[in-house]
1. State whether the stretch 50-121 is rounded, prolate or oblate according to the following rule on the C-alpha gyration tensor (a ≥ b ≥ c being the square roots of its eigenvalues): a/c under 1.5 gives rounded; otherwise a/b larger than b/c gives prolate, and the remaining case gives oblate.
2. Which ³J(HN,Hα) values, rounded to whole Hz and listed in residue order, are derived for the stretch 31-39 from phi using the Karplus coefficients 6.51, -1.76 and 1.60 in 6.51 cos²θ - 1.76 cosθ + 1.60 with θ = phi - 60°, glycine and proline given as x?
Amino acid sequence: MEFNRLTASFYSDYGSSCPEILKKQTRPYYVAVVCVLGLTFAIPLRSHIHHSKYSFIANGAEAGLDFTKAVVITDKVRYVEPSPTTIRQNEFNMLKQHEYEIVHKFEKFVLAYIKQVRRIQENPRIPLAPWFQYSCLQSY
């Protein structure tokens with residue numbers, strides 16, 4: 001797991017097609033880059049996460065990695081800043097210490113997402129799960 005930022009190219013290519021992608025005009029989001037199921041994902045570090053089931057809380061009660069806002073990275077060279085990002089030492093220690101757990105929990109999240117997509121394809125009248133409605137993965 002590495003910590004980086006996404007490039008301006010990523011936001012220009014995907015920002016308008018996915019309203020759920022986190023973006024701020026004043027500063028970029030820091031992301032953890034992980035590989036799961038043969039794909040590369042960028043999971044944003046966030047404060048004030050209120051859904052611990054779909055995240056990994058690393059610092060205090062509500063800061064950590066938000067799985068629902070993860071994005072697929074189709075071109076790491078083009079979309080991920082090459083220089084690593086420095087994050088708070090206590091968060092870095094916590095995330096690195098729990099790297100295996102994070103990757104495993106995120107993989108379960110992605111598999112649940114795939115299952116939800118298949119369920120909706122089979123029966124479009126079934127209501128969407130709330131976490132599914134706000135996931136960035138629906139743009140891929």
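No value in this document is a laboratory result; all are computed from the given coordinates. What you see is a predicted model; the values in this text were computed from it and never measured.
1. Values: a/c = 2.33, a/b = 1.28, b/c = 1.82.
It is oblate, given that a/c is not under 1.5 and a/b is not larger than b/c.
2. 10, 9, 9, 9, 10, 9, 6, x, 10
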